[in-house]
Structure formats: structure tokens, C-alpha cells
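Working notes, structure below.
Taken together, the values in this text are just the output of simple stated rules run on the coordinates, not laboratory data. None of the values given here were measured: they were computed from a predicted structure. Here the Cβ is made from the backbone with ideal geometry for all residues, glycine too, and neighbour counts use every protein chain on show.
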Amino acid sequence: MQKTILITGMSGIKIEACLKKFISNFKDFRTNHIDRKPCVIKFDSVFEDLYYKQNASASRSKQAWKNVILKQSYPILQQLWSSTLKEICIMVSDIRKEDPDKVILINLHSCYYHNMTQEYLSFISIKELLNLNPSFIVTFIDDIYEIYHRLTLAGGIFHDESNVTPTQMILRLLRLLDWRAKETMLSRFIANNLGITNYVFAVKHSFDTFSNLLFENCPKVYLSHPITEIRRLEANGNAKEATKVREEIADISDRLSSNFTTFLPTTIDEFIIKEKPTMSGKTKIYYPALEKRWNVDQYKTRNESLYTNSGFTYINKLWKENASVKIDKKISNLLEALSASISDQVTIRDYTLVEQSDMLVVYRPVFNGNASGGVKQEFNYEVV
């Protein structure tokens, strides 16, 4: 069966690198389906080539999208987008002539963000996308801390970190949350109008999970399990018990992932800004420091997931190694707003993962004497 799959996602995820990593390791985990090895077409590369073909005097640079391309008028960009899609339709047709059953992954953005104008831009034409006859859409997501770090590197829209203040960094992280929400919303809108399914997919999922999603008609499962309670165990000095539970969850995850398309909540883990109650106990103080994300060491070295290491060390101008006793109230208030926005997205994202699954697997909904609020919400949402 022919499959043309759209892979969307915001800048800073390194989608092309994720897909190339998946394909280069394909034979190691899909020995029974080597003949199904997919190919990738990067929409932006074709778009950029067409732009320079029409503007021969313009010089290429890593900052081309930020400094040149997105500065063009909307009608010009819309025309370039349409021309790019026509070119890609020809590329897909040529691939199909050589290999009719080739799985084709087309990497594109459902929207762009222009940092200089603070503007979101989308050139998507549903009518024109129908010419590709896409099978479904997969929207890649990743932790915003890592996305931000990648965007500070050469070619990134935030490649000015030497002059940025902690306040500006928090505002940028809030912007990234908003950008991701818009990219996800538009991808779902496109899928709905094309009459196909959109899957939200964190790049820290395994090759097996992504491969099952692309190739296998197996059930889709969401694994719901306690997170906060396990972290509370660690904070209270019971690291041994917490490690045992984490290992049980990892074992269940691996078993499920080999037989199902298994979505895991901790493949995104951003709700980790350090906090503590004030003396009154009525409010909290937020510190410019991060707790360790779930399985952070595993993702640094793991070669069985789409994720490419960003190089983020959890320490920069904003995030400190240790929470300071003296806290800037303005920074604390901004971190509170950031933490609240992250929390809101955790809830709606987990509901989305439940929606796109055929079944819900729940591990220890009552843990250490406490009912997991997140697990309960997910279960009730699935029931409804």
C-alpha cells in the first residue's frame, strides 16, 4: 500500500536529523522489513532552492530564512509555497515510478514564526495538499528547553544569546510553548480538512514505536503512570524505591513498544521548574533551576530513539545548577507563569495522546498511598 506521510513540527526539533537517524538505523531494528525503508523529502530545502533560483543574485546563508526569505511579501511566499508543492508532487511521482510501494516522508512546517516581526505565517493550501494524497500526519514535538537551546545555535532564530537577559529567555520559552501549540493545532486542522488522522509524537519515543506507527496496523496504546509521586519519593530520600518503580515502568514501556504503537507521557517532560512553598504555605517561590527530566541520562546516550542530542546541559544564563536562596521576585513571578503554562499544556497534550490511542494501560493509579491526579484525569477522559 502506497504511503505518503506528512511530518510536521516547529523549528528547533531538527526533524530532518531525526528522520535520517531513523532511516540510517532502519536495518538494525527492522530486519524483516528492510525493503520498506522510507525516504525523506524536506519541504524547506525545495522551497529554498526555488527562492534562490528566482533570486540568483541573493547569497545563501544559515540565516536565510530569518534574514531574507521570511521578509518577502505574503503573496510571494504563498506563490513559492505552491510552486514548492508542485515540485514535490513531481518528485513523489518519480519515486513511485521506480518503487510504487515506497514510503515517503515529507517534512514540512504547518506554520512559521518570524522572530523579527513576531508574526506567525502559514501558507498551507488544503486544495493543493490533496494532490499529494497523504495517508496521515505526524506532528513531532520535543522539550522546549532543548528546542530553545538548538535555536540559539548557528542558523537559529535566537542566535544572539550573548546579549539576552533571563527575563527575555523566559519570554522566549513562553513563545515556544505558543508556537508549538499553534503548530499542533494547525496540523490537526489540516488533517481534519484532508480527512486523515494527525498523531502528536514526541521524538524521544523509540524507533520501534515510530516504525509501528508508520508500517504496522497494530493497536495504539497510551501508558498512564504516576510521575509526581515517584519524584516525591526521590525528594524524600527514598531513591532506591523510586528507581525500582522507574525500572518497572521502563520494562512495561519496552514490552508494549515491541508489540504496539505505544505513546509514553514522559517523552515530553517540561514541568520541572524548581519550587518550594513560602513561609505562609499559601504561595510558592519559583527558582531559576530545573529538576532532572525523566530518564535524562538515558536520552543522552540512547541510540534507539528519534531524538538527537541538543547539547543542553540544564545550565545557562537563566537556569542555575543550584537554586539560590536569594530570589528575584520578578523572575520568580515569570517562572510561575511559565510553569503554569507548561502545566496547562501537559494536561491537554496527555488528553491528545489518549484520543489518538485505541486503549489505555494504567500502571499503579494509587501509588505510595496517594491517588495519581494525572492518571485519574486520563482515565476519566478515556471513559468519557
Going by amide H atoms built from the backbone, whose H comes under 5 Å of the H on SER135, apart from near neighbours? THR4, ILE5, LEU6
Given labels modelled 7 Å from the Cα in the Cβ direction, how far is it in nm from ASN322 to ILE252? 3.7
Once the in-chain neighbours fewer than 8 apart are removed, the aspartates and glutamates whose Cα is under 20 Å from LYS42 read GLU16, GLU87, ASP94, GLU98, ASP99, ASP101, GLU128, ASP142, GLU183
In terms of modelled amide H atoms, which long-range or inter-chain residues lie less than 5 Å from the amide H of VAL200? THR139
HN-Hα couplings for the stretch 54-69 via Karplus (6.51, -1.76, 1.60; θ = phi - 60°), in whole Hz with x for Gly/Pro, come out as 7, 10, 4, 7, 6, 9, 6, 7, 5, 9, 4, 5, 6, 8, 10, 4
Arranged by the count of other C-beta atoms within 10 angstrom, fewest first, what order do THR283, THR308 take? THR283, THR308
So what's the net charge close to VAL68: Lys and Arg +1, Asp and Glu -1, counting the other residues with Cβ under 15 Å from its Cβ? +2
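If you count, for each residue, the other Cβ atoms within 10 Å and average over each peptide, how do 39-47, 232-240 line up from highest to lowest?
Details: 39-47: 17.8, 232-240: 13.1.
Packing proxy ranking, top to bottom: 39-47, 232-240.
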Gaussian network model of the chain, Cα within-10 Å springs - most flexible of ASP254, ASP94, ASP269: ASP94
Burial ranking of peptide ranges 135-145, 69-79 (average Cβ count within 10 Å, highest at the top): 135-145, 69-79
From the phi of every residue in the stretch 200-207, what ³J(HN,Hα) in whole Hz does the Karplus formula 6.51 cos²θ - 1.76 cosθ + 1.60 yield, where θ is phi - 60° and glycine or proline is x? 8, 9, 6, 6, 7, 5, 6, 4
Taking the alpha-carbon centroid of each part, what is the distance from the stretch 126-186 to the stretch 33-80 in angstrom? 17
Interchain or long-range residues, amide H under 5 Å from ALA289's placed H: LYS274, LYS320
In the stretch 3-383, with Lys and Arg counted as +1 and Asp and Glu as -1 at Cβ, which of these residues, ILE106, THR308, MET279, has the Cα nearest the positive end of the dipole, that is, farthest along it? MET279
Expected vector for the stretch 127-139, Karplus 3J(HN,Hα) from phi with 6.51, -1.76, 1.60 and θ = phi - 60°, integer Hz, x for Gly and Pro, equals 4, 6, 4, 4, 5, 7, 6, x, 7, 6, 10, 10, 9
